[in-house]
Amino acid sequence: MTRREVAKVIGGTAAALVFPISAEAKGESSAMLTRTIPSSGEKLPVIGLGTWRAFDVDLSADIRRQLEDVLSLFVKLDGRVIDSSPMYGRAEEVIGDLTSALGIREKFATANPSGGGLFLATKVWTKGKESGIQSMERSMSLLRTNRIDLIQVHNLIDVNTQLATLQEWKQQGRIRYTGITHYESGALSEIEKLMRSQKFDFLQINYSLMEPEAEQRVLPSAQERGIAVIANRPFGSGDLFGKVRSKPLPDWAAEFDCRSWAQFFLKWIIANPAITCAIPATDKPRHLEDNMQGGIGRLPDPKLRRRMAELVSSL
C-alpha cells in the first residue's frame, strides 16, 4: 500500500491530512528540529533522505527531473543527511550525478542558512581490508567527492577489519565519522556487544512503530556511550501504511502538530531522544515534503508515544 493509495482510500477530509499545511498557518515554528552528534557537537536535522530503491534507477529524462525536484526540495526544506550504500545498486552514482549537476553542495549555504553543508553518508559492504578500501574509493568516485561525512560498516560485514580502516581514514581526514549498520532486529544483541568493544560515532538500525525492539536496550546504550543513531526503515518497509489503510488520523495527533500518517510514524521515532535522524526514502516531491514536516513542530511526550503505539498495534 503506497501513500498515494492510502490517500485515495481514506477519502474526504481525512485524505487532505496527507498533505502538509504550512507551519505559519498553524502558528508553530517552521524550523526543522535538530539533534547533536554526541562525538562532535555538530547538529543534524532530524529528518534525512534514504536512497534504497528510490534512487536505484536509470536516469531517463522524466525520472531525472523528478529526482532533481526531490533533492532540490530536500535542501530547500533544510535537509542535510543523504544516506546510501554500494548495496543499493546505482543509488550512489545517481546521488553523485544529481547533486553535482544541481550544484547543491555549492549552493547549500544559501539555500540552508543553518549552514553545515550536505551530509553524505554511505557504507562499506565487503570482506577484507583491501576490498574494503577499494569499495570506499569507488563510493567516493561515484559520489563525486574526495571526502565523505560518514561511512558505516553495512550489516556488520567483517566489522572489525572495516572499522579499523575507517578509523585510519578518519584520522587522515578522508571521512568525518565512522559507524555500523544493520536492518534486522536479530542483530541487536551483536550491536550491543560492539558498542561495548569498539569505538564509532554512528549506529544505523531499524526502528519504527513496526519494529520498536531497539528501544529496550540498544538505544539507551547508544545514549549512554555517546553514539548518534540513524533510524532506517521508519515506515517498516511501507507495511505501516498498510496497517492504517482506510483509517483516519486520530484527532489527538494535532496535539503534536501532526497532519499525516507519515508524520505520525516519523514523530514517534524522533521523539525518542536517542534518535539523531530518521531517513525515509522517497522519489516523489510531495512525499518528501510530507516527510520533512515530520521534523517540524511539537513532538509527542512519552504518554502520547505509548498511545500512538497502542493505536498502531490494535490495527
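The values are calculated or read from the model by the stated rules, or taken from the named source; none is laboratory data. Note that the coordinates shown come from a computational prediction; the quantities given were computed from them, not determined experimentally. Quick reminder, even Gly has a Cβ in these numbers, built from the backbone with ideal geometry, and neighbours come from all protein chains shown. Surface areas here come from the heavy atoms of the whole protein model, side chains and all, with no ligands, DNA or RNA. Shrake-Rupley method; radii C 1.70, N 1.55, O 1.52, S 1.80 Å.
Observations on the structure shown:
- With a Förster radius of 25 Å applied to the beta-carbon distance between K43 and D69, the computed FRET efficiency rounds to 0.40.
- Cα gyration tensor category, rounded, prolate or oblate, for the range 37-168 with a/c compared to 1.5: oblate
- Ligands, DNA and RNA left out, the accessible area of the chain computed with a 1.4 Å probe is 48% carbon and sulfur.
- Rolled with a 1.4 Å probe across the full set of protein chains, the surface gives R259 an accessible area near 20 Å².
- For the range 71-90 and the range 127-172, distance of Cα centres in Å: 19
- Selection among Q204, L33, F119 by position relative to the dipole of the chain gives L33 as farthest towards the positive end (Cβ unit charges, Cα centre).
- Rolling a 1.4 angstrom probe over the protein heavy atoms with all chains in place gives the chain an accessible area of 43 Å² per residue.
- Overall form of the range 227-284 per C-alpha gyration tensor (a/c, 1.5; a/b vs b/c): oblate
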